[in-house]
Amino acid sequence: MNKPFVSILVPIYGVERYMERCARSLFEQSYDNLEYVFADDCTHDRSMDILGEIAAQYPHLSDRIHIVHHDRNLGLAATRNTLMSHSKGTFVLHVDSDDWLEKDAVEQLMSEQQKSDADIVIGKHYIHYEDGIEEEPYTGKGLDHDSYFNAFIEHRVRWFVANRIIRTSLFTEHDIHWVAGININEDFMVMSRLLYHANYVCVADVFTYHYNRTNEASYMSKLAHSWDCQYQVVRSHHIIADYFSDKAENIRRKVNALTVRQYQSMLWLTLENKNRSGYDTILSLLDGCSSDDLAVIGWDNGIKRWLEHHYFLARLTLPLRYMHGRLKD
């Protein structure tokens with residue numbers, strides 16, 4: 001059986017500490033019918049120099065390594081679009097450049113794909129922190145397509161696009177792409193649509209990916225204290241809710257419930273950070289939600305809604321919220 005052609009797609013910005021480890025894990029893959037596409041988003045460090053030095057040590061791969069350079073920094077979402085536009089594979093595998101793969105990752109994932117003819121094959125991953133390593137807590141293995149999609153929408157399984165073998169035609173046939181400027185929660189926007197349109201999703205019972213949570217320069221590390229990052233999450237959920245607004249009622253309600261919960265989470269972050277303008281922005285979005293959706297966060301309770309609708313009262317009750325959360329735990 002002929003092996004399908006796979007494109008490994010890697011965005012690069014500010015990862016000189018991690019570039020060698022990532023590149024070697026890619027160039028030493030046991031699966032041999034693949035290409036490597038790297039996109040330089042105008043990184044200012046030595047990431048590209050290091051990539052060039054490592055690539056030179058694998059001369060047999062020279063015709064399979066492709067590097068695209070942006071002429072200005074565009075952000076992660078736009079860089080992923082660049083990568084997709086330059087890929088030639090029947091399947092794509094996204095890898096973040098501060099992470100790395102097991103050396104048989106592509107072979108293991110494609111073996112599952114060939115057995116099942118799945119549109120998306122998902123591997124398990126390790127999570128690396130400064131003080132230790134964890135295994136992915138829940139993979140969703142054994143779930144059928146609809147159950148996995150529901151688990152995804154409810155945030156019970158990881159939502160990033162990395163560590164998934166994805167049939168390229170899913171992107172092209174359904175016009176699925178990243179939204180430039182939204183660089184946090186951007187993968188959730190894309191993966192929710194890919195999963196919705198996939199005919200079959202397979203979760204492989206094998207660890208294939210190492211997810212690095214030690215990079216303080218990552219977008220996720222900035223979320224708690226950056227209004228711009230928080231608002232990108234809000235915008236992403238607004239786009240997701242709009243996309244699924246004309247889909248089946250049960251899906252629409254789940255997506256809307258997730259959106260309202262995210263709005264409330266962002267509302268409390270703006271209170272913690274004393275960001276009055278951000279608070280007003282999120283409040284206006286919540287006020288535009290239906291009463292059924294607001295019931296998800298308890299805003300059908302008049303007193304709770306009134307308290308959270310007044311900035312200074314909400315700020316005063318902030319310590320009580322944390323106390324209540326600790327008592328519940």
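The values are calculated or read from the model by the stated rules, or taken from the named source; none is laboratory data. All of these numbers come straight from a predicted model, not from anything done at the bench. All Cβ positions, glycine included, derive from the backbone under ideal geometry; neighbour counts span all protein chains shown. Heads up: the accessible areas ignore ligands, DNA and RNA and are worked out on the full protein's heavy atoms, side chains in. Shrake-Rupley method; radii C 1.70, N 1.55, O 1.52, S 1.80 Å.
Just one of (1) over 27 Å from Phe91 (Cβ atoms); (2) in contact (Cβ under 8 Å) with a residue 24 or more places away in the chain fails for Ala241. It is (2). Just one of the numbered conditions (1) out of contact with any His (no Cβ under 9 Å at 6 or more places or on another chain); (2) open to solvent by less than 10 Å² (accessible area, probe 1.4 Å); (3) touching a residue at least 40 places away in the same chain (Cβ under 8 Å) is not true of Thr79: (1). Scanning the stretch 257-296 for residues that are modelled with pLDDT under 90 and among the aromatic types (Phe, Trp, Tyr) yields a single hit, Trp268. I'm trying to understand the selection: among the residues of the stretch 90-105, which are among the β-branched types (Val, Ile, Thr) and under 17 Å from the mean Cα position of the chain (by Cα)? Across the stretch 90-105, the qualifying residues are Val92, Val95.
One line per residue, one yes/no per condition, for (1) under 23 Å from Arg193 (Cβ atoms); (2) touching a helix residue (DSSP H, G or I) at 6+ places or on another chain (Cβ under 7 Å); (3) of a type outside the set (Val, Ile, Thr):
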site: Gln232; (1), (2), (3): yes, no, yes
site: Asp242; (1), (2), (3): yes, no, yes
site: Ile251; (1), (2), (3): yes, no, no
site: Val255; (1), (2), (3): yes, yes, no
site: Gln262; (1), (2), (3): yes, yes, yes
site: Cys289; (1), (2), (3): yes, yes, yes
site: Asp292; (1), (2), (3): no, no, yes
site: Phe312; (1), (2), (3): no, no, yes
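Among the numbered conditions (1) in contact with a Lys or Arg (Cβ under 8 Å, 6 or more places away or on another chain); (2) within 27 Å of Gln114 (Cα to Cα); (3) surrounded by fewer than 17 Cβ atoms within 10 Å (Cβ to Cβ), the only one that Ser25 does not meet is (3). Sub-9 Å Cβ pairs linking a first residue in the stretch 97-125 that is at positive phi to a second residue that is assigned to a loop (DSSP other than H, G, I, E, B) and open to solvent by 10 Å² or more (accessible area, probe 1.4 Å), at least 6 apart or interchain, are Asp117/Asn199; Asp117/Tyr200, ordered by first then second residue.
Applying the criterion of at least 1 residues that are crowded, with 17+ Cβ neighbours inside 10 Å and modelled with pLDDT of 95 or more to the helices (runs of 4 or more DSSP H) found wholly in the stretch 123-227 leaves 168-173, 186-197.
Taken together, the residues in the stretch 45-88 that are part of a loop (DSSP other than H, G, I, E, B), more than 27 Å from Trp178 (Cα to Cα) and not small (Gly, Ala, Ser) amount to 2. The residue that is modelled with the lowest pLDDT, counting only those in the stretch 28-39 that are of a type outside the set (Ser, Thr, Tyr) and open to solvent by 10 Å² or more (accessible area, probe 1.4 Å), is Asp32.
Any chance you could count how many residues in the stretch 91-117 are farther than 11 Å from Ile8 by Cα, open to solvent by 30 Å² or more (accessible area, probe 1.4 Å) and not aromatic (Phe, Trp, Tyr)? Qualifying residue count, the stretch 91-117: 11.
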